[in-house]
Each structure stands twice: as C-alpha cells, then as structure tokens.
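Data first, discussion second: the structure below is written as structure tokens.
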Amino acid sequence: MELPRKHRPKTVSELVGQVEVRKMMAQWFGTSTTPQTILLSGPTGCGKTTIARIIRRQLKISSMDWNEFNAATDRGIEVVRTIEAQAELNPMKGEFKAWNIDEAHQLTTAAQHGFLKLLEEPPRGVFFILSTTNPKKLLPTIRSRCTDIVVKNLTMTELKKLVKSIGKKEKKTLTDDVVEEICKAADGSARKALVVLGSIIKIKTEKDQLEVISKVQIEKEAIDVARILMRPTATWNDVKTILKDLGDDQEKVRHTILGYASACMLNPRGPKARQATTVGRAYLMIQCFRDHFYDSGKAGLYAACYEVLYGSDTD
C-alpha cells in the first residue's frame with residue numbers, strides 16, 4: 001500500500017499541523033454540533049479528503065451512506081438532481097448520510113444554483129462536504145451557506161516531523177539531509193512528502209536516495225510547467241519563475257511535459273468545446289517539445305515554452 005494511504009490520519013489528534021482546523025473539529029465532536037454543510041478549501045495534497053473522512057468516521061457514516069464524487073468529471077445539473085432525490089431517502093445504515101464533493105468549484109453555474117436549496121435546508125441527517133482548490137470560483141451564495149474550513153500547507157517544521165514519524169514507523173533510517181530534501185520536494189504537501197518518502201523507502205545509500213528525490217522534484221516542476229502551458233491565457237511571466245528554478249536535466253523535463261500533453265490529448269476533460277481546445281493545446285505542446293535539448297540545453301527548453309505560448313513568430 002502506498003504510504004499516503006497506509007498512514008492517512010483517522011482521527012483529529014493524528015493530523016499534523018492544521019491547529020485551527022483541529023480546534024474547530026474537536027469542538028464540533030465534543031458537543032455534537034457538526035454543521036451539515038462544510039466547505040474545505042486549500043491547495044492540492046494538503047489534507048482536505050483526509051479531513052472529510054475523519055468527519056465521516058466521527059459521525060459513524062456507513063460506506064453505503066457515504067458518497068464521494070469528483071466535480072471535475074461529474075459537474076452538471078443532473079448530478080445535483082440525483083443528489084437531491086437520494087438525499088430525501090433514509091440512510092441505509094445508521095443515522096446519517098453524506099456527500100463529499102471534490103473540486104466543487106468545477107460544478108457548472110447551473111449545478112451550483114441547483115445546489116443552493118439543498119445547502120440552505122439540508123434534509124435531517126444529511127451532510128454535504130464541498131472540497132475545492134479554488135473557492136473563489138464557487139458562487140458567493142454557495143460559500144455563505146457553508147461552514148468554511150481553510151486547510152493550509154504544512155510548514156517545513158511540520159513536514160519534517162511527519163516524515164521522521166512515518167520513517168520511524170516504516171523502520172527506515174533517514175539522514176537529516178534526506179529529510180530536508182524530501183520536505184523541499186513536497187512544497188508544503190503532506191501527501192507529496194509521503195509519496196517522495198515512498199520512492200526512496202527501499203533505497204539503501206544516502207547518495208542514491210538524494211538522487212531519486214532530485215528526479216522527483218524535477219518531475220514535479222515539469223508538471224507545473226506543463227499545467228501552465230496548457231492554459232490558453234498563460235503568459236511568459238506565469239512560467240518563467242518555475243523555469244528559473246528547474247534543474248539541469250532538460251530531457252527529463254521534456255519527457256514529463258510530453259507525457260502530460262499526451263495524457264491531455266487522450267483524456268480531455270470538461271464540455272466538448274473545452275475538450276477541443278485542450279486537445280489542440282496538447283498537440284501544440286507535443287509539436288514544440290518533440291525534439292531533444294541535448295545541443296540547446298536550457299535555451300532550447302525556454303524556446304519551446306515560448307513557442308507554445310506565442311508561436312514561432314517573434315515579430
């Protein structure tokens with residue numbers, strides 16, 4: 001089992017960091033006043049899903065009455081209508097039922113409007129947990145109907161504590177330098193820290209561990225570049241900051257970007273009009289990055305990024 005799943009916190013006390021969140025949840029559970037509509041917002045990998053599942057355990061919601069779906073793929077008004085119909089039914093087991101909606105900001109405007117009544121007056125015993133990386137894209141009326149929980153990235157101190165703790169549980173001796181580099185690669189994300197730790201868990205020497213961590217970091221930064229390049233409205237200022245910090249393995253970056261673009265071509269998301277734009281953008285990226293950078297090095301990488309953004313005509 002991957003480390004993020006194996007060591008996912010199951011109780012409030014097991015959460016690392018998130019001091020304000022832990023205080024709020026402890027108060028709910030101590031007084032049986034858990035709100036029926038909750039908005040979890042924060043960056044990817046910070047623990048939103050973990051917190052939602054802790055709430056589920058605390059409320060003793062059975063697997064039959066716990067519903068999770070990703071609004072990035074199921075986002076229309078029909079989804080809301082289905083939830084509305086099911087919410088009126090009694091729980092199959094126990095007292096409560098709940099919906100955990102990931103990437104809730106990707107619900108269509110019509111779907112969000114359709115959700116308003118449910119969130120304002122949820123049926124008795126029904127809980128709604130909306131998770132999002134971009135709460136500003138939710139209707140203000142949606143946000144005002146939810147109890148807001150802001151989940152933050154972990155500090156370096158908190159990440160180090162987490163990595164050392166999991167390393168100890170896995171009976172893995174980690175040097176201070178290795179812990180430091182894992183936490184840098186994680187960039188505040190507990191999930192990312194454990195993914196990186198998992199990638200070196202069977203590697204014996206510190207030298208080899210640091211080499212693997214470096215490659216993981218390059219891959220993460222390359223994916224960040226690819227995500228920016230996929231945005232039709234992206235500018236050079238958006239991408240240049242990441243390019244400045246990239247390592248010297250341009251071919252690793254190129255192959256990662258090609259892989260990301262290929263995945264976008266094969267599995268475009270959203271409505272058909274957006275899918276066409278995504279496929280076209282991904283094709284352009286593949287064209288610009290298909291030739292190696294052995295001779296041109298970083299200059300070739302920069303040129304490929306610029307060409308995706310503005311084309312080959314510099315006039």
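If you wrap region 171-225 in the convex hull of its Cα atoms and look at it from every side, the mean projected area works out to 3.6 nm². Straight-line cross-link partners of residue 272 among the aspartates and glutamates, defined as a Cα under 16 Å from its Cα and at least 8 positions apart when in the same chain: 74. Taking every C-alpha pair closer than 8 Å and separated by at least 6 residues, the mean separation divided by the residue count of region 211-315 gives a relative contact order of 30 percent. Here is how the number arises for the chain: DSSP H runs of 4 or more residues each give -39500 (n - 2.57), the sum is divided by the residue count, and the result at 222 nm is -17500 deg cm²/dmol.
Taking every protein chain into account, the 1.4 Å probe leaves residue 57 with about 110 Å² of accessible area, to the nearest ten.
So what is Rg over Rh here for the chain, counting just Cα atoms and using Kirkwood for Rh?
Values: Rg = 22.0 Å, Rh = 21.8 Å.
Dividing the radius of gyration by the Kirkwood radius yields 1.01.
Taken over region 181-265, the convex hull of the Cα atoms encloses 108 Å³ per residue. Across 302, 294, the residue with the most accessible area heads the list, and the full order at a 1.4 Å probe is 294, 302.
For the set 6/215; 6/161; 160/240; 171/215; 48/136, the pairs lying more than 21 angstrom apart at their alpha carbons are 6/215; 160/240; 171/215. Cross-link pairs exceeding 20 Å between alpha carbons, from the set 93/117; 184/244; 168/192: 93/117.
Classify region 93-162 as rounded, prolate or oblate, taking a ≥ b ≥ c as the square roots of the eigenvalues of its Cα gyration tensor: rounded when a/c is under 1.5, otherwise prolate if a/b is larger than b/c and oblate if not.
Values: a/c = 2.71, a/b = 1.48, b/c = 1.83.
Oblate, because a/c is 1.5 or more while a/b does not exceed b/c.
Direction-averaged projected area, Cα convex hull, region 1-95: 7.6 nm², rounded to one decimal.
The values are calculated or read from the model by the stated rules, or taken from the named source; none is laboratory data. In this text the structure is predicted, and so the values were computed from the model without any measurement. Just the protein is used for accessible areas: all its heavy atoms, side chains included, with ligands, DNA and RNA removed. Shrake-Rupley method; radii C 1.70, N 1.55, O 1.52, S 1.80 Å.
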